[in-house]
Every structure is written in C-alpha cells, then in structure tokens.
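None of the figures in this text is laboratory data; all of them are computed from the coordinates on show. Note that this is a predicted model, so its numbers are computed, not measured. Note that each Cβ is placed from the backbone with ideal geometry, even for glycine, and that neighbours are counted across all protein chains shown.
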Amino acid sequence: MNKKTISLGAVIVGFLIVLGSISPSVCSKDLQQVTIQVNRYYGINSRTIYTDVSVEEAGEIKQILINLNAAIENNDEAAISQYEKLLNDKGIFGEEYQKFYSQKTFSDKMNLNKYSKYLKQSADDNISNTLCFFNAVGTGGIIFTIALKFLEAMKAAINNASSFLEAFVLLIVLLPIFMVIYLLTHLIPFRILMPNAIVLLKNGTMTSTGLEGFKRVFVGDEYYGANVSWFSGITINFIGSESLEGFLFMSGEALRVKETDT
C-alpha cells in the first residue's frame, strides 16, 4: 500500500472508533462501563445487540475472543466449546445461543477437499479466497457498500492530488460527507441489503479457509484491508473504553474475500 492509502485507512478507522465512542448508548452511562456491540448478519434475521459490562469484564471477554479465534484457527474443538460457553454465559448474544466452529468443520461441511487440492496454509501473505470461512481479530473497523464506494472515490481523488496540501484539503472536505454516509448506512436494516464490505485491521490476524486453501495473514502496525462479499456470521466490537476501543472480532462465511489496498 502507498503512504496516501495507508494514511487514509488509518484516518477513516480512527474516525469510526471516535464515532462509536460518542454514540448515545455510551454518552449517557458511567465511564467505568463498556458497551459490547454484537452484530449478527443472517439476511432478514440480522440484528444488533448491545450489552453494558464493566471495564474488567470487557477485558475478560476480549481475551476470551482472542483465545476463541486461536482455537478456531487451530481446529481445537474442545477449546472452541469451552470459550463458546463462556461467551454465551456472559449474555452478550441475547436469548439465542451463539455457536462457533473451526476451520476444519467448515471445510468438512462444504466438502472442500472435493474441489481444492491445496487445503493448506498459504505463504503468500494474501487473504484472498472463494467460498470461504473468514475470521479476523485485532484493531479495526468495517465499511459497508455505499460508504465503501464513496471511500474508493475519496481514495482516487486523494491519490491523484498534485500535492500533499491538495490531498489534505480534499480529505478535510470529503471526510464529513463520508461520516454522514457511514452513520446512515451502518444502521440495521440497511446493512442487510449491503453484500459487500471492507474490513480494515491492524495488530491482529485474518484467516480464510476455502476453495483456494487455508490462508493466514499476520497484521502489524499498518492497516491491512480485505473486501468481504456476502458475509454471513457475527462481528463483535467494544465501545466506551480507551484501552479496548477499536477491538474487532469477526467470524463467519463469505462468498469471496479479496485483499485490497484500501
């Protein structure tokens, strides 16, 4: 990724985190609490669940999610069941019990061995995959279709700027418009109708298991982007704590995942 693109991604995700931290559900409550936002993306049954917990309990849930992600990647069914129960006991999924499964379970369910000869870890540092099980954990955010199209137009305009000053002015002018679009398009039920999204992540991992094999990308301090199409699954993020702000957990199935330079 070039420096302009990386900077744009960092600015966008930073603003998304700020937007989350000033949401009405957070402003009215004690600063010693954290709101955990669970988004279920299952077509017409999609919904968002908010749960307020203490900062200490939020830290525990974050660690459980990190451990759960590792268990999913390592196909550790016993650990998945353990962490799954711990999370459900915390009450963050509402009345419906949330199940999680491993990369291998998805591979067996979809009979991927029948279609791919290369179901093994890829060394090309590229998350791109087709008909896959996708997982992500780290610091980041998700941008949906309409906001994504506007973001791509922003990126093109900024990358074509003749100087840093011109690029900076364009960012200042276009960013407020993007934020309005983001707020409007990230509300249920509008998200149900948006099959494409970009996941921007840093300081974490992304994995995908599909027709192109098993792939894992370790993400450092610079944002890494993946365009995820027709995702069905769950995302979890935290609102209202500086130490937890921006944490993202994502697990589910996607028709297509493609590395992007956004």
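Here are a few things to note about the model shown:
- Cross-link check: pairs Lys109/Lys258; Lys99/Lys258; Lys155/Lys202; Lys90/Lys258; Lys99/Lys202 evaluated at a Cα-Cα cut-off of 30 Å; pairs beyond the cut-off: Lys90/Lys258.
- A protection proxy built from the mean count of other Cβ atoms within 10 Å ranks the segments 153-162, 214-223, most packed first, as 214-223, 153-162.
- The residues neighbouring Leu244, those whose beta-carbon lies less than 12 Å from its own, together hold a net charge of -4 under the Lys/Arg +1, Asp/Glu -1 convention.
- Loop sites in the stretch 63-109: chymotrypsin sites (Phe, Trp or Tyr not before Pro), DSSP, at most 14 other Cβ within 10 Å: Tyr97
- Inter-label distance for Leu165 and Asn75, nm, one decimal - labels placed 7 Å from Cα along Cα-to-Cβ: 5.9
- Estimated FRET transfer efficiency (Thr130, Asp52; beta-carbon r; R0 45 Å; 0.05): 0.70
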